[in-house]
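Worksheet: the structure to be examined is printed underneath.
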Amino acid sequence: MLLVLPPPPPAPPHLPQPTRTTPRPRPRPLPHIRIVPHLDSPRSLHFEVVDKDVPDGFVLKIGRFTDKQSLPNRVTFKSKVVSRGHAEIFTEQGKFYVRDTKSSSGTFLNHARLSPPGVESKPALLKDGDIIQLGVDYQGGTQ
């Protein structure tokens, strides 16, 4: 949003004229992501909402929870279908992208798998409201 202010009224002759300064550009806010559970079935994973700033060049690593990896650039889930290094979310020029990092059970964007098992995907552009699913539960017994 651009705010244009009218010029200040002229000062009375006995007061010095105010000098007009060029406003400094405001720093752009950091790209921010909010990850919330998508509870569309009883088998959906329940987790606390995740709020993270993701500046350009910052990679948010997504994977399975382990006691050893509690880092600010990691989001972890306690799930058997999530690999330790499952996926990444990052920004470039203020746009968010997701990439599967060779997971075996897959990363899905709006129900479409990003890559075959064990293959790193190309970055996929994210939009507000997209659904990311990590892994598919093995059902067993069905071929």
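The values are calculated or read from the model by the stated rules, or taken from the named source; none is laboratory data. From a predicted model like this one, the values you see are computed outputs, not experimental measurements. Note that we place each Cβ from the backbone using ideal geometry, even for glycine, and neighbour counts take in every protein chain shown. Accessible surface is based on the protein model in full, side chains and every heavy atom, while ligands, DNA and RNA are left aside. Shrake-Rupley method; radii C 1.70, N 1.55, O 1.52, S 1.80 Å.
Using the basic label-point model (7 angstrom from Cα toward the beta carbon), what is the H46 to R84 distance in nanometres?
Rounded to a tenth, the inter-label distance reads 2.9 nm.
Sort the following peptides by mean Cβ neighbour count (other Cβ atoms within 10 Å, averaged over residues), highest first: 108-116, 58-66. Could you put the intermediate results ahead of the total?
Values: 108-116: 14.0, 58-66: 17.8.
Answer by packing, highest mean first, reads 58-66, 108-116.
Could you sort 77-85, 97-105 so that the peptide with the highest average Cβ count within 10 Å comes first and the rest follow in order? Intermediate values should be presented prior to the final figure.
Values: 77-85: 15.8, 97-105: 19.2.
Final packing ranking: 97-105, 77-85.
I'd like the Karplus ³J(HN,Hα) series for the range 79-85: coefficients 6.51, -1.76, 1.60, θ = phi - 60°, whole numbers in Hz, and an x wherever there's a Gly or Pro.
Ordered by residue, 3J(HN,Hα) equals 8, 5, 8, 9, 6, 4, x Hz.
Which percent of the accessible area of the range 79-138 is formed by carbon and sulfur heavy atoms (probe 1.4 angstrom)?
Exposed carbon and sulfur together represent 51 percent of the surface.
Run the reach check for K52 against lysines, Cα to Cα strictly under 18 Å, same-chain hits fewer than 8 apart removed. What comes back?
Those lysines meeting the cut-off are K61, K95, K127.
Compute, for D56, the solvent-accessible surface of its heavy atoms (probe 1.4 Å) with the complete set of protein chains present, and express it in square angstrom to the nearest 10.
90
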